[in-house]
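Structure first, commentary second.
Quick note: the coordinates plus some simple rules give every number you see, no bench work behind them. Bear in mind the structure is a predicted one, so any value in this text is a computation, not a measurement. Using ideal geometry, Cβ is built from the backbone for each residue, glycine included, and neighbour counts are taken over all protein chains shown.
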Amino acid sequence: MTTQRQWLINGQPRGRAVTEDDFLLHEAELAPLASGEARVRVQILSFDPSQKGQMENVGYAAATGIGQVMTARGIGEVVESRCESLKVGNKVIGQLGWQEFATVSPTSASVVPDDELLTARLGPLGGTGLTAYFGLLRNGHPEPGDMLVVSGAAGATGSVVGQIGKMMGCTVVGIAGGQDKCAWLTDDLGFDAAIDYRGESVKARLKQLCPQGVNVFFDNVGGTILNDVLARIALHARVVICGGISRYQADVLPPGPANYMNLVFMRATMSGFLMTDYAAESPQALERLTAWVREGRIRYREDMQEGFERIPATLLRLFSGENFGKQLLRL
Ligand SMILES: NC(=O)c1ccc[n+]([C@@H]2O[C@H](COP(=O)([O-])OP(=O)(O)OC[C@H]3O[C@@H](n4cnc5c(N)ncnc54)[C@H](OP(=O)(O)O)[C@@H]3O)[C@@H](O)[C@H]2O)c1
């Protein structure tokens, strides 16, 4: 094989929604490997809302440009190697990109065991799990008996947050779109209650489910859901801003939450964080998360799409809420 297919960035979706037209299918020659490099056949790709931010060049991610291969984390297999530590047949994880073959080095990809937790390393045992872990434990400071509310609760991050919250002794209410997702939270993951924001009044249900107020709010969504929860925070509440996906596809950014003055009345805090802030502590956190997954205390769901052609369409599933669990794609 001397050529491969790639998806290149073809637009900068700033101040507008990302669409499939922002990507261009391209065929490229495979370059010979330099010493210290290995060629990886890309097998599974991870999809993350921050990929849109990467294309806009906002936030924390490395800048991207039109014409470059779309960046993405993924798992693949080494098929050719000029590197001692990356052997043919090894499974590796790293920034592989939207392409059939990636050229990697030991600094851009690491070998992972080819076991039953292989794909979980892109989800609850990867960045997603670490975001939930550090966001909740270091920023939310959950205490036994606390009322914890999670938005985006049936998503990759939110579903782990709620389960860690249960282990910490909280009462956990999830907010998610649709009855199926809500039933999964309460019936399979042990959430105490779930609010279907598409079919129910979030305001009314919060009043009913959280009569003493909300001690910790883990927000993945922003917008009206954030505003509704702010109206119900308890004294000294911790509002953790993990993300604001309701605004990622908006043309015009909405004004800030009208109920923010409740932070004053309730002497509450609202803080943002990035998972990368905790890189030094990630190995210990991953050990803990792995034990919880193996013990069945953290359960997860993967939404595995199929086919190289479907890569751009799969990214869009995150913004329409079509994904049910961690969004992945097998090439
Ligand atoms: N701070 C950090 O370091 C960090 C790291 C990773 C991720 N994040 C953030 O964490 C959040 C979740 O990311 P994820 O990777 O776990 O994705 P995810 O939750 O698995 O997927 C995104 C979900 O967002 C929900 N959603 C989409 N548009 C929405 C809208 N307009 N209103 C309400 N909900 C909407 C959908 O669920 P429904 O069907 O329930 O609508 C969708 O399934 C994102 O905001 C992301 O930016 C932050």
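Between R297 and T3, the contour length at 0.36 nm per residue exceeds the Cα-Cα span by 101.4 nm.
Charge tally for C182 (other residues, Cβ to Cβ under 13 Å; Lys, Arg +1; Asp, Glu -1): -3.
Across every direction, the projection of the convex hull enclosing the Cα atoms of the chain has a mean area of 16.6 nm². Taking a sphere under 10 Å around the Cβ of E37 and counting the other residues whose Cβ falls inside, with K and R at +1 and D and E at -1, yields a net charge of +1.
Here the contact order of the chain, divided by its residue count and restricted to Cα pairs under 8 Å and six or more residues apart, works out to 17 percent. Packing-based ranking of 45-55, 271-281, 316-326, 130-140 yields 130-140, 45-55, 316-326, 271-281, ordered from highest to lowest mean Cβ neighbour count within 10 Å.
The angle between the Cα long axis of helix 311-320 and the longest principal axis of the Cα atoms of the chain comes to about 0 degrees, rounded to the nearest 10.
Each Lys or Arg adds one and each Asp or Glu subtracts one; over the other residues with Cβ under 9 Å from the Cβ of A102, this totals +1. Springs between Cα atoms under 10 Å define the GNM used for the chain, and in it the highest mean-square fluctuation of G76, G129, G178 occurs at G178. Between Q95, Q284, Q43, the residue with the greatest mean-square fluctuation in the GNM of the chain (Cα pairs under 10 Å linked by springs) is Q284.
The overall shape of region 127-276 is rounded: from the C-alpha gyration tensor, with semi-axes ordered a ≥ b ≥ c, the ratio a/c is less than 1.5. The Cα center of region 267-331 and the Cα center of region 79-115 differ in position by 21 Å.
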